[in-house]
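The values are calculated or read from the model by the stated rules, or taken from the named source; none is laboratory data. The structure displayed is predicted, hence computed values, not measured ones. Cβ placement follows ideal geometry from the backbone for every residue including glycine, while neighbour counts extend to all protein chains displayed. We work out accessible area using only protein heavy atoms, side chains counted, and drop any ligands, DNA or RNA first. Shrake-Rupley method; radii C 1.70, N 1.55, O 1.52, S 1.80 Å.
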Amino acid sequence: MGELTHFDDHGNAVMVDVSSKDITARTAVAKGRIKVNADVMEAILNHTVKKGDVLGVARVAGIMAVKNTSSLIPMCHPLAINKCQIDFEVHKEAGGIQAVCLVKTEGKTGVEMEALTGVTVALLTVYDMCKAIDKNMEITDIFLEKKTGGKSGDIFNGKDLE
C-alpha cells in the first residue's frame, strides 16, 4: 500500500506539495449508474419531467461540479480544466442510466477527483429532477475507469456496468 500523502508527521491534514512535480497531460474517466423504474425512464426519454431536460441539466451540473471540485473536497488543488465531457448511456431494458465523465488538464496533479465528482453530481441531478416520480432510485457503481499521466502512470479499470 502506498504512503498516505495528505498528513504531516504529526497526523495533521495537509494539502500535498506538488511544486516539484512536472507539468504533464493528465486525463481521468469516471463512471457511475443510476437505477430507475420504468416511469422515470419514460419521463426522461420523452422529456416530460416537469423540471426540464433531465440529462441536459445533469450534464451541465456535472461540468460545473468538475470545475468546483477543489471547493468541495478540502485537499484537492484548484485546477485549470482543459476539457470536461459528460455523456450518458441509457439502458432502458435494464432500468439504468450510466454517466461517464471525462476530464483533461495539463498540470502537476491529476483529475481523478474531478471526474468522480462530475459523475456523482450528474447522477445526483438526475435523482433530484426525477424524485417527484420515484424516490427509490439508486445511485451505484461509481468508480474511476481510467487515468493517464503523472508519477503513478496509467491505470485502467475496464469494469462494465451493463
- Considering (1) closer than 18 Å to THR125 by Cα; (2) open to solvent by 50 Å² or more (accessible area, probe 1.4 Å), say which one SER20 fails and leave the rest. (1)
- Task: Scan the range 130-144 residue by residue and report those that are open to solvent by 50 Å² or more (accessible area, probe 1.4 Å) and under 18 Å from ALA28 (Cα atoms).
- Result: ASP141, ILE142
- Task: Could you figure out which of (1) farther than 27 Å from ALA13 by Cα; (2) touching a residue at least 40 places away in the same chain (Cβ under 8 Å); (3) in a strand (DSSP E or B); (4) open to solvent by 30 Å² or more (accessible area, probe 1.4 Å) isn't true of TYR127?
- Result: (3)
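Yes/no per residue for (1) surrounded by fewer than 18 Cβ atoms within 10 Å (Cβ to Cβ); (2) closer than 23 Å to ILE155 by Cα; (3) not polar (S, T, N, Q):
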position	(1), (2), (3)
SER71	yes, no, no
GLU89	yes, yes, yes
ALA94	yes, no, yes
GLU112	no, yes, yes
VAL119	no, yes, yes
- Query: Hey, which of the helices (runs of 4 or more DSSP H) in the range 1-100, taking only ones fully inside, have at least 1 residues that are modelled with pLDDT of 95 or more and of a type in the set (Asp, Glu)?
  - Reply: 38-45
